[in-house]
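The values are calculated or read from the model by the stated rules, or taken from the named source; none is laboratory data. All values derive from a computational prediction rather than experimental measurement. FYI the Cβ positions are ideal-geometry reconstructions off the backbone, even for glycines, and counts take in every protein chain you see. Note: areas computed on protein heavy atoms with side chains; ligands, DNA, RNA excluded. Shrake-Rupley method; radii C 1.70, N 1.55, O 1.52, S 1.80 Å.
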Amino acid sequence: MGNRLKRTQGDEIFFDKALERFLDAKRPTVATAYRFYQDLINLENENIVDGKIPIISYTSFNKRIKTLPPYDVAVARHGKSKAEQWFGACSTHIPPTRILERVEIDH
């Protein structure tokens with residue numbers, strides 16, 4: 001249901017640069033990344049006479065950020081060990097190959 005197409009076109013380059021700024025170990029806020037995104041587009045629009053690049057709203061920018069995979073965002077902003085701690089990355093279970101290879105006893 002609803003429209004799934006983007007309303008704005010041509011801002012992908014600027015969004016990617018703002019995303020690089022957001023996925024930094026210094027952990028800036030979404031608002032800071034959005035201000036950077038706006039500044040980049042405003043600087044580019046000063047040189048353009050016709051067909052200026054539209055700026056998406058803060059809520060749209062925030063929705064785009066939230067659609068990113070949370071594990072990848074945590075790795076970029078907090079580090080791999082912290083992300084694995086949060087998302088419960090554990091080693092795989094090795095299934096037994098013979099009968100009674102693994103036995104558990106309750107006391």
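Just name the residue that is modelled with the lowest pLDDT out of those in the stretch 81-107 that are small (Gly, Ala, Ser) and assigned to a loop (DSSP other than H, G, I, E, B). Before you say what the answer is, go through the steps one by one.
Our first condition is that a residue be small (Gly, Ala, Ser); within the stretch 81-107, this holds for 81, 83, 88-89, 91.
Filter once more, keeping what is assigned to a loop (DSSP other than H, G, I, E, B): 88-89, 91.
Numbers: Gly88: 82, Ala89: 59, Ser91: 68.
Per the criteria, the residue is Ala89.
Does Arg21 satisfy the criteria of being on the phi > 0 side of the Ramachandran plot and open to solvent by 100 Å² or more (accessible area, probe 1.4 Å)?
Working: on the phi > 0 side of the Ramachandran plot: no; open to solvent by 100 Å² or more (accessible area, probe 1.4 Å): yes.
The answer is no for Arg21.
Could you look through the stretch 24-45, keep only residues that are β-branched (Val, Ile, Thr) and assigned to a helix (DSSP H, G or I), and pick out the one that is least open to solvent (accessible area, probe 1.4 Å)? Quick ask: steps written out before the conclusion?
At the first step, the residues of the stretch 24-45 found to be β-branched (Val, Ile, Thr) are 29-30, 32, 41.
Within this subset, residues satisfying the condition of being assigned to a helix (DSSP H, G or I) are 30, 32, 41.
Numbers: Val30: 27, Thr32: 51, Ile41: 0 Å².
Out of the qualifying residues, it is Ile41.
Filtering the stretch 46-87 down to residues that are aromatic (Phe, Trp, Tyr) and closer than 19 Å to Thr8 by Cβ, which residue is surrounded by the fewest Cβ atoms within 10 Å (Cβ to Cβ)?
Checking each candidate, the answer is Tyr58.
Could you list, in sequence order, the residues of the stretch 54-95 that are among the aliphatic types (A, V, I, L, M) and in contact with a Ser or Thr (Cβ under 6 Å, 6 or more places away or on another chain)?
Quick first cut of the stretch 54-95, residues among the aliphatic types (A, V, I, L, M) only: 55-56, 65, 68, 73-76, 83, 89, 94.
Correct list: Ile56 only.
Please identify the pairs in which a residue from the stretch 84-107 that is within 30 Å of Pro69 (Cα to Cα) and of a type in the set (S, T, N, Q) has its Cβ atom under 8 Å from the Cβ atom of a residue that is open to solvent by 100 Å² or more (accessible area, probe 1.4 Å) and at pLDDT below 80, counting only partners at least 6 apart or on another chain.
From residues that are within 30 Å of Pro69 (Cα to Cα) and of a type in the set (S, T, N, Q), there are no pairs.
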